[in-house]
1. Residues of the range 31-64 with backbone nitrogen within less than 12 Å of a virtual label 7 Å along the Cα-to-Cβ line of His91, please, listed as ranges.
2. Over all directions, how big on average is the projection of the convex hull of the alpha-carbon atoms in the range 52-92, in square nanometres?
Amino acid sequence: MVNFASTNYPGVIAFVTPGQLNLGVNDPIQKLHISTLRLEETPKKIAYNSEGELYGVLTTRLDQQAHLVEQSCFHVFKQGSFERKIIIFWHL
């Protein structure tokens, strides 16, 4: 679990479990609101672009069809709706 260093979203936290990314924030009444993105991959890094209101998530997974080769992906999600805007794949 990590805090985001963002003036636009003070108090936002992120935590990952295998295959998903969870973003949460405490409201003034101290309720925790969480949004879950099912990635089906292992999240490694998270970045936020306030100007574009976008989240970037770097993930890895084992490509079963390529004989267990590790594959990395970069996903870009729109803030709020978490609509996937871009996904880029590459093998290491």
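1. Within reach of a label on His91: 63-64.
2. Computing the convex hull of the Cα atoms and averaging its projections yields 3.1 nm².
Values in this text are rule-based calculations from the coordinates and carry no lab data. Source: prediction; values computed, not measured. With ideal geometry, Cβ positions are generated from the backbone for all residues, glycine too; neighbour counts draw on all protein chains shown.
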